[in-house]
Amino acid sequence: MISISSKNCIWNWPAIKWVGILSLFLTSCDLPKEIGSDLFSVEVGLNYTDSLSIQSSTVLIDSIYTNQTGTFLVGSHQDPILGTIAASAFTQIANVDTLKSKETSILDSLKMNLIYQSFVGDTTQKQTISIYRLKDSVSRAVDYFNTSTLPYDPTPIGSHSFYPRPIKAKTANGDSLKYDTLSFKMNASFGRELIGKYTDKSIAAGGAAFRDYFKGMYIKASSAGKAAIMGFTPTYSVMTLHYHNPNDTVKYTVNYYFSLSTALVAEIHGRFNQLNISRSGALGNLQKPGDRIPASQTNMVTYVQSGTGLATKLEIPYLLNLKGNKNVAINKAELVIPAADSYELAKTLGSLSLVETDASNRTLKNSYGLRYLLTEGGTGIQTANFDSGSKTYSFNITTAIQNIIANNRKDFAILVTSPLTSNSSGFSRIIGDNIRYVPLNASKIKLKVYYTYIAK
């Protein structure tokens, strides 16, 4: 800790302002010795510390939203520390162009085209993707989480075994990637069912009527061993019905889209991802929201992972000791969180956020969603980007620390989470649209505090 004291006649600006006001009052005194004795009986100074004890742990939080994400997560991935994650997607689908088949129309094929967007894991392992028919529709009015599910018919309407080949090409410098397409045929019986819907004009026209008839799809993949989770984009993925009519050389197609919008609604279709996690080893006791494992039991490494609910809890038990018998004003408080040496840049979360918590180890909420720490001087979400040079995330939490000091809060604790988002109404939440993670070096997390004190 570094201290600059006014007893040595070295002043900071808050102190000078205070003394200026004091001197105006003291000019009414008659005896110079009274001025000197009052002035130097007050201790005013500037302190800095980065040695406050910070207790860290990995916790499992709830309320990880996965609805309306921009990625279908499908497949499985095994990590020696984080466990095995199995991902699947629930989604609506519908056509825009009217189906104009006839009673005599002949099916050529019903082809599914899923466009790769990302992947995590071993793509040399064979996987089998299966698509099932939902019994209940996905609703855009419902919040779905990483543990949500819907009933589906156990008989698949399409399946395909493959080796993932998400990257088709890369530039010479290796910076840009072009993702390929997973293309396979759906069951012919389902294709013939779709052709037969020409008899119902409302269903044939697509949109809401089609979604009422066909509730949606459940997409999952199975594999053996350590495999990969693929990310597919709903924006460009499409299912296409191919057919022709007897004695007609024209080939007809109808596209069924996973993502549709209108001038009034940004997204019409509902969708969400489900993530099933099996943990063992160091994090094996994280089974339900609120469970906590101290950093001392995980080699002083804690974790944050998007999608699965892993977060790092930070507690500063001796923060109020800064006050002592002094009046304290926080000039700046910076929380610096370093990544552990085991981090992998390709899998690392690009940014992190801070949310308040308590002894429950869950995210605290208010009428606007999560009770997140505000940006300094603003009302937005406090977020820190990963600095690849220093390998750290840095948060300016001056206002939060000042409030703790001023209100003598002894129960303050924060969760370091994957990035928060807010909807148009300002409702904040955590969206789990990937499984990126970062291990944090708990032994080197520091709170750097610059503060002014006045004491008698």
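The values are calculated or read from the model by the stated rules, or taken from the named source; none is laboratory data. Worth saying up front: this structure is predicted, and the values here are computed from it rather than measured. Cβ placement follows ideal geometry from the backbone for every residue including glycine, while neighbour counts extend to all protein chains displayed. Each accessible area value is taken on the protein alone, full model and side chains, heavy atoms only, with ligands, DNA and RNA left out. Shrake-Rupley method; radii C 1.70, N 1.55, O 1.52, S 1.80 Å.
Tell me the angle of helix 13-26 to the major Cα principal axis of the chain, expressed in degrees between 0 and 90 and rounded to the nearest ten.
It works out to around 40 degrees.
Sort 280-287, 51-58, 340-347 by packing, meaning the average of other beta carbons within 10 Å per residue, with the highest value first.
Final packing ranking: 51-58, 280-287, 340-347.
Under 13 Å from the 7 Å Cα→Cβ point of Arg165, by amide nitrogen: which residues of the stretch 218-241?
none
Applying the Karplus parametrisation 6.51 cos²θ - 1.76 cosθ + 1.60 with θ = phi - 60° to the phi angles of the stretch 89-94, what ³J(HN,Hα) value in whole Hz is obtained for each residue in order, glycine and proline being reported as x?
Listing the rounded values in order: 10, 10, 8, 8, 8, 6 Hz.
Would you please state the base-10 log of I(q)/I(0) at q = 0.12, 0.13, 0.17, 0.20 1/Å for the stretch 63-221, with intensities from the Debye formula using one equal scatterer on every alpha carbon?
-0.65, -0.75, -1.16, -1.42
For the chain, give the magnitude of the charge dipole about the Cα centre (Cβ charges: +1 Lys/Arg, -1 Asp/Glu; no others), in debye to the nearest 20.
With Lys and Arg at +1 and Asp and Glu at -1, about 540 debye.
Less than 13 Å apart at the alpha-carbon level, and either on another chain or at least 8 residues along: which aspartates and glutamates does that give for Lys185?
Candidates past the 8-residue exclusion: Asp108.
Cut-off under 12 Å on the C-alpha distance; same-chain residues fewer than 8 positions from Lys313 excluded. Which aspartates and glutamates are left, in chain and number order?
Leaving aside aspartates and glutamates fewer than 8 places away in the same chain, those within reach of Lys313 are Asp291, Glu356, Asp358.
With the Cα gyration tensor of the stretch 371-426 giving a ≥ b ≥ c as the square roots of its eigenvalues, does the rule (a/c under 1.5 for rounded; else a/b larger than b/c for prolate; else oblate) give rounded, prolate or oblate?
oblate
What ³J(HN,Hα) values, in whole Hz, does the Karplus curve 6.51 cos²θ - 1.76 cosθ + 1.60 give for the stretch 72-79 when θ = phi - 60°, with x put for Gly and Pro?
7, 9, 9, x, 9, 9, 10, 10
Show that you can apply the helix-only estimate: for the chain, add -39,500 (n - 2.57) for every DSSP H stretch of four or more residues, divide by all residues, and state [θ] at 222 nm to the nearest 500.
-3000 deg cm²/dmol
Relative to the longest principal Cα axis of the chain, at what angle does helix 398-407 sit, 0 to 90 degrees, rounded to 10?
Value to nearest ten degrees: 60.
Summarise the accessible area of the chain (1.4 Å probe, protein heavy atoms) by the percent that is carbon and sulfur.
50 percent
Rounded to the nearest 0.05, what FRET efficiency is calculated for Ala209 and Ser53 with R0 set to 51 Å and r the Cβ-Cβ distance?
Efficiency at R0 = 51 Å is approximately 0.25.
When averaged across all projection directions, what area in nm² does the alpha-carbon convex hull of the stretch 326-456 cover?
9.7 nm²
For the chain, build the charge dipole from Cβ charges (+1 Lys, Arg; -1 Asp, Glu) around the Cα centre, then report which of Phe184, Ser57, Leu73 sits farthest towards its positive end.
Most positive-ward Cα: Phe184.
Give the average over all directions of the projected area of the C-alpha convex hull of the stretch 227-283, one decimal, in nm².
8.2 nm²
Here is the link list: Lys288/Lys365; Lys135/Lys220; Lys365/Lys391; Lys391/Lys448. Which ones come out longer than 23 Å on Cα distance?
Going by Cα-Cα distance, Lys365/Lys391 fall outside the 23 Å limit.
How long is the gain from Ser137 to Ser351 if the chain were fully straight, where each residue apart is worth 0.36 nm and the alpha carbon distance is subtracted?
Gain on extension, Ser137 to Ser351, equals 73.7 nm.
If you line up the Cα atoms of the chain on their principal axes, what length do they span on each, largest first, in Å?
Per principal axis, max minus min of the Cα coordinates gives 117, 46, 46 Å.
Cα gyration tensor of the stretch 256-388, axes a ≥ b ≥ c as square roots of the eigenvalues: rounded (a/c below 1.5), prolate (a/b > b/c) or oblate?
Oblate, since a/c reaches 1.5 and b/c is not below a/b.
Starting from the Kirkwood Rh over alpha-carbon pairs, what translational D in µm² s⁻¹ does the stretch 197-329 have by Stokes-Einstein at 37 °C and 0.692 mPa s?
Translational diffusion coefficient: 153 µm²/s.
Starting with the highest mean, order 391-398, 375-382, 59-66 by the number of other Cβ atoms within 10 Å, averaged over the residues of each peptide.
59-66, 391-398, 375-382
What does the net charge come to around Phe232 if you take all other residues with beta carbon closer than 14 Å to its beta carbon, with K and R at +1 and D and E at -1?
That works out to +1.
Let me make sure I get this right: for the stretch 404-456, a, b and c are the square roots of the gyration tensor eigenvalues over alpha carbons, sorted descending. Under 1.5 in a/c it's rounded, otherwise prolate if a/b > b/c, else oblate. Which is it?
oblate
Consider a paramagnetic label point 7 Å from the Cα of Asp180 along Cα→Cβ; state which residues of the stretch 106-125 have an amide N under 12 Å from it.
It comes to 116, 123-124, nothing else.
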